[in-house]
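Only the coordinates and a few stated rules stand behind these numbers; no lab work does. None of these values were measured; they are calculated from a predicted model. With ideal geometry, Cβ positions are generated from the backbone for all residues, glycine too; neighbour counts draw on all protein chains shown.
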């Protein structure tokens, strides 16, 4: 397979995967089946025809509206499909057709779903984080980061946020982090290992601080404004999965 063909096929698979991720993003917070009923308009319940369900293209041809009732289709749908396709292409470009590509793609898909769900609903579904911990640890027996690094990633990832959450509650008397964040970071540690888990935590904390301070400066929130930390964890994890080693080497180069 040529490199160009591989990238094109990866992009096509990414678009299809993104379409399924949209189903997960919509249905998981509502505790609905991912299989039944078939895709339909949330407004009028009319089943979506197959040619209208083609990722990105269907949205553009319909001008962002349901064919039956003309209700607007959320712009998040084509964005998720496009981002997923871009992630698939980037992953293939970095890892190529090797075994590590599969867990990295599954991990990226989980991060995309968790990013959007936490952004929209402030929840991180157990249906993704708990099986994700088990899957990440299982994959570690077949390739990087290795089972010991993965196990330490689970323990450190979950343990660190659990201690932070408990300390914040004892000091302030209110919850600062949810258990969803704890399980999500444990999942990240399972897939990436403890080193890249720490890179993820640093990146996400820095990004969250910047966004939080920007909201305060713009008077869109105060110091107690509830930020979707899971969304920041997802961004940090995706960056760490691609460039985490280079970031670590750059940082350790100062010592």
For the chain, longest principal axis from Cα atoms; helix 3-27 axis from its Cα atoms; angle between them, nearest 10 degrees, is 90
Span from the region 57-87 Cα centroid across to the region 117-168 one, whole angstrom: 31
Principal-axis tilt of helix 147-172 within the chain, Cα atoms, nearest 10 degrees: 80
In square nanometres and to one decimal, what's the mean projected area of the convex hull around the Cα atoms of region 5-113? 7.1
Everything considered on the Cα gyration tensor (a ≥ b ≥ c; rounded for a/c under 1.5, else prolate if a/b is larger than b/c, else oblate), region 38-181 must be described as oblate
Sorted on mean Cβ neighbours within 10 Å (highest first), peptides 20-27, 186-193 come out as 186-193, 20-27
Whole number please: convex hull volume per residue of the Cα set in region 23-62, in Å³? 82
Report, to the nearest 10°, how far helix 101-121 tilts away from the longest principal axis of the Cα atoms in the chain, using its own Cα long axis and a range of 0 to 90°. 80
